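Remarks on the structure that follows.
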Amino acid sequence: MTTSRTMPPAGIPNGEPILPDGPSTTRAKFPESPYLSDEGRRMRDEIVQLLPLLRQQAAEGEALGALTPATLEAVNRVGAFKITIPTELGGYALGARDTAEVVRTLGLGDAAAAWLVIVSSATRNILGFDAKLRDEVLAGMDEWVGPLVFGATVFAPKVGDGRKVAGGYQVKGKWSFGSGSKHAAWGSVGFEYDDPASGERRRAMGVLSRDQYTIVDDWHVMGLQATNSNSIRADEEIFVPDYRVVHTADLPRLSDSLRGAYSGLGFKHGAFGMMIGSSGAFAALAIGIAQGALDSFLAQAAKRPPFNLPYPTMSEMASIQMVAGKARAAINAADAVLARHMDEADRRALTGEDYLPSEEPEITMDLVHLIHQCLHTVDGLLLALGSSAVSLSNPIQRAVRDIHVLATHGAFRIDPMAEINGRAMFGLAPFPMMAAISSPVTAPKGGRPPAAPPRP
């Protein structure tokens, strides 16, 4: 007797696999989130239509070390680089769930494009500066194709050198990891200087125009190559006026001052809600990469014969079926965790709540953990498909490389994040958060560094 478990799923004739651009792309398994806005839904659905283009252009983008003009224009056209700009200033001010949906969908086609949409949030930081800078940066928004602002080495242990002069600062240095450096109109960088009044060594963030720095061709990496996360440099001093500078110690206050200052859900989040939403966007990218790899795996396994077994196609192998089943379960579980946290972040934003400091590390750990679960899933798909998957024309190998680069980002390395959480679980004193806002703590010879203040 045939049970329902062995019959083809409803709507899938003859048990054919779900191929790319099918239900796995639109994900209509549950009612849509009440926190998904009309603009977020519109943007997501337009990106779905762009997936064939994004997938076709991805390899060329890798070779260029930047998004192709076609990809950049397409992503710009749907408005994805404006998701953190206030609605009254011409943007969309999307919430956490909206952003996750947009990024996840982009990740199905081109992870580098999704990454640049996430880091385009650097434009939001400009709103905390003098209004003159805000107006200066946003003046060319309608004509500019790509993100407006990128950030490079703002919070790293080593930043640029500066000195205070009349009306501003003279700054020089080299700043690394400037994602979007080839596409953005402005760059934000960190520098240190000696305060003339107190003699104190202080740290600040300055905003540079494109004519003030040189892009260094040093982003030669295994994945996410089209993010063009190059270094930039200014070997000679450049003048940065006061209105383009803020002290990094003031950034938390300035960021918090934006809450409610503009309309749109994106400006209702508190400081911790913003942090969780940002981590959630990167987690959404990992899910998108994994789902895109699974879509490609299903399509390829349905056509390729196995190397040493007498099946017409790999899809008829029990081992391949189990890999597919486990991969979908892992992605569904990651999706559920992400949805829960992004919806809760938006719910709290709408009700005027923020997270307690003690809540953030656990949620961030959930998101980092799901990134690494997606990484293991993608690795397993490549190994199961075999040697054909390592060809540079195969999108699965790119997914492997991209998600590994994502997971090496300092904010998403799982063991340090687990340690932060484990300390709290054992009742030990927490480490400081955003330690780079102030000067680095130096350990005395032969001993541990002095006790750090608690995370805010």
Please determine whether any residue of region 283-299 is under 27 Å from residue 372 (Cα atoms), among the acidic types (Asp, Glu) and modelled with pLDDT of 95 or more. yes
Taking region 307-325 and the residues there that are assigned to a loop (DSSP other than H, G, I, E, B) and without any contact (Cβ under 8 Å) to a residue 24 or more places away in the chain, the one that is nearest to residue 387 (Cα to Cα) would be 308
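From 369, 404, which residue is within 20 Å of residue 226 (Cα to Cα), out of contact with any strand residue (DSSP E or B) (no Cβ under 7 Å at 6 or more places or on another chain) and either buried (at least 19 other Cβ atoms within 10 Å of the Cβ) or at pLDDT 95 or above (or both)?
Details: 369 fails: within 20 Å of residue 226 (Cα to Cα).
Of 369, 404, the one residue that is within 20 Å of residue 226 (Cα to Cα), out of contact with any strand residue (DSSP E or B) (no Cβ under 7 Å at 6 or more places or on another chain) and either buried (at least 19 other Cβ atoms within 10 Å of the Cβ) or at pLDDT 95 or above (or both) is 404.
For (1) out of contact with any Gly (no Cβ under 8 Å at 6 or more places or on another chain); (2) under 26 Å from residue 271 (Cα atoms); (3) free of Cβ contacts under 8 Å to residues at least 24 places away in the same chain, each residue gets a yes or a no:
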{"site": "85", "(1), (2), (3)": "no, yes, no"}
{"site": "90", "(1), (2), (3)": "yes, yes, no"}
{"site": "98", "(1), (2), (3)": "no, yes, no"}
{"site": "117", "(1), (2), (3)": "yes, yes, no"}
{"site": "120", "(1), (2), (3)": "no, yes, no"}
{"site": "127", "(1), (2), (3)": "yes, yes, no"}
{"site": "131", "(1), (2), (3)": "yes, yes, yes"}
{"site": "137", "(1), (2), (3)": "yes, yes, no"}
Checking residue 270 against (1) modelled with pLDDT of 95 or more; (2) under 25 Å from residue 345 (Cβ atoms), only one condition comes out false. Which one? (1)
Flagged in region 249-270 as small (Gly, Ala, Ser), part of a loop (DSSP other than H, G, I, E, B) and at negative phi, in numbering order, are 261, 263, 270
Within region 321-354, tally of residues that are of a type in the set (A, V, I, L, M, F, W, C), closer than 18 Å to residue 375 by Cα and either buried (at least 21 other Cβ atoms within 10 Å of the Cβ) or over 22 Å from the mean Cα position of the chain (by Cα) (or both): 8
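Per-residue answers, yes or no, for (1) more than 23 Å from the chain's Cα centre (by Cα); (2) among the hydrophobic types (A, V, I, L, M, F, W, C); (3) farther than 29 Å from residue 56 by Cβ:
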| residue | (1), (2), (3) |
| --- | --- |
| 103 | no, yes, no |
| 108 | no, yes, no |
| 111 | no, yes, no |
| 132 | yes, no, yes |
| 136 | yes, no, yes |
| 152 | no, yes, yes |
| 194 | yes, no, yes |
| 201 | yes, no, yes |
| 218 | no, no, no |
Inspect region 426-443 for any residue being modelled with pLDDT of 95 or more, polar (S, T, N, Q) and over 24 Å from the mean Cα position of the chain (by Cα) and give the result as yes or no. no
List the number of the failed condition for residue 290; all other conditions in (1) outside any helix (DSSP H, G or I); (2) touching a helix residue (DSSP H, G or I) at 6+ places or on another chain (Cβ under 7 Å); (3) within 23 Å of residue 119 (Cβ to Cβ) hold. (1)
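Any residue at all in region 274-286 that's in contact (Cβ under 8 Å) with a residue 12 or more places away in the chain and among the polar types (S, T, N, Q)?
Within region 274-286, one or more residues are in contact (Cβ under 8 Å) with a residue 12 or more places away in the chain and among the polar types (S, T, N, Q).
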Grab the helices (runs of 4 or more DSSP H) fully contained in region 326-433, keeping just those with 3 or more residues being aromatic (Phe, Trp, Tyr) and at positive phi. none
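Test of understanding: among 238, 276, which residue is closer than 30 Å to residue 351 by Cβ, aliphatic (A, V, I, L, M) and not in a loop (DSSP other than H, G, I, E, B)?
Numbers: 238 fails: closer than 30 Å to residue 351 by Cβ.
Step by step, each of 238, 276 is checked, and only 276 is closer than 30 Å to residue 351 by Cβ, aliphatic (A, V, I, L, M) and not in a loop (DSSP other than H, G, I, E, B).
The values are calculated or read from the model by the stated rules, or taken from the named source; none is laboratory data. Just so it is clear, the model here is predicted, and its values are computed rather than measured. Cβ: placed from backbone, ideal geometry, glycine included. Neighbour counts: every protein chain shown.
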